[in-house]
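What follows is a set of notes on a single structure, which appears directly below.
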Amino acid sequence: MVGRRGATRPAQVVRHRDGASSRARDDLAVEEPLEIRVSRVGPDGRRRSDAVAVTMRTPGDDFELVAGFLYGEGLVTTREALHELTYCRSGQDAQHYNVVEARLRDGVAFDADRLRRNFYTSSSCGVCGKASLEAVEVQGCRVLDDAFTVSGALLGTLPDLLREEQGGFQRTGGLHAAGIFDAEGGCGICREDVGRHNAVDKALGHLFLNGGLPAAERILVVSGRASFEIVQKAAMAGVPVVVAVGAPSSLSVDLATRFHVTLVGFARGRRFNVYTAAERLT
């Protein structure tokens, strides 16, 4: 769902090449805020709406982004819990497409304060990696099995296959991408955004809205580095293999180890490093 705004915007620039300058047209990746609201019927029978997050994103596929975010944070667990996704129905027209409301079905439990609390703390250890890993378990993430295997020869080709799908990046040079691939290298979904996490939410949100989760036989490929949050989203969605063009962080490796996700980094030019669960490679 693109809304009325596009993912790119033209701009006039002055290009300097070999001591000479000229005016030219360039394309910019659009970046705008998106407020995510969740509405549900309360115990008093009245419907109420709460803002749960604001993210800077590239407009387009907003409903998928919201669905992926809510699922990845453990705020909704089934497609049936969502009655409707809609843009803001009131307020200023300029902000109409910058607010998405997720309307829950009657009877669906929802903790509106969950994201307002300091999610990565506990009385025992405070803010640390241990608390972060425990928080993912609280969200309902489980250790993934070994049923899915993938060819090592394929993994090195996936970043190039992802690049072929990155139309927005080709125009702007300013968009990250997340692609969902199968064991044969087929790319069923590719989403782009100025934010790495948003691109992943859009891709996984598409699967969620179309009954494709858990994605036990899929590979998530990202154009940047593999942060803790990206591996968390993959683990929550049941994706067994994550391939990143850049480096993983220490905590992302710890998380991948804990939930048995095959984490691949520095995947460039048919070269890559496998940091965890290498037994999935054939």
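The values are calculated or read from the model by the stated rules, or taken from the named source; none is laboratory data. Here the structure is a predicted model, which is why all the values come from computation and not from measurement. Please note: Cβ atoms are built from the backbone with ideal geometry, for glycine as well, and neighbour counts cover all protein chains shown.
Side notes on the structure shown:
- Lone qualifier among 80, 64 - being modelled with pLDDT of 95 or more, of a type in the set (Asp, Glu) and more than 23 Å from residue 192 (Cα to Cα): 80
- Members of region 27-73 found to be crowded, with 20+ Cβ neighbours inside 10 Å, under 18 Å from residue 6 (Cα atoms) and among the small types (Gly, Ala, Ser), listed by number: 60
- Residue match in region 46-62 (condition: outside any strand (DSSP E or B), without any contact (Cβ under 8 Å) to a residue 40 or more places away in the chain and not polar (S, T, N, Q)): yes
- Residue in region 226-243 that is surrounded by the fewest Cβ atoms within 10 Å (Cβ to Cβ), counting only those that are in contact with a helix residue (DSSP H, G or I) (Cβ under 9 Å, 6 or more places away or on another chain) and among the small types (Gly, Ala, Ser): 227
- When 47, 5 are checked against the criterion of being farther than 28 Å from residue 136 by Cβ, modelled with pLDDT under 90 and touching a Lys or Arg at 6+ places or on another chain (Cβ under 8 Å), a single residue qualifies: 47.
- Residue under evaluation residue 101, criteria (1) farther than 18 Å from residue 205 by Cα; (2) modelled with pLDDT of 80 or more, criterion not met: (1)
- Filtering region 154-200 to residues that are crowded, with 17+ Cβ neighbours inside 10 Å and among the basic types (Lys, Arg) leaves 191, 196.
- Each residue in region 186-198 was checked for being in contact (Cβ under 8 Å) with a residue 60 or more places away in the chain and not in a helix (DSSP H, G or I), and 5 of them qualify.
- Residue that is within 24 Å of residue 270 (Cβ to Cβ), assigned to a helix (DSSP H, G or I) and out of contact with any strand residue (DSSP E or B) (no Cβ under 7 Å at 6 or more places or on another chain), where the choices are 160, 201: 160
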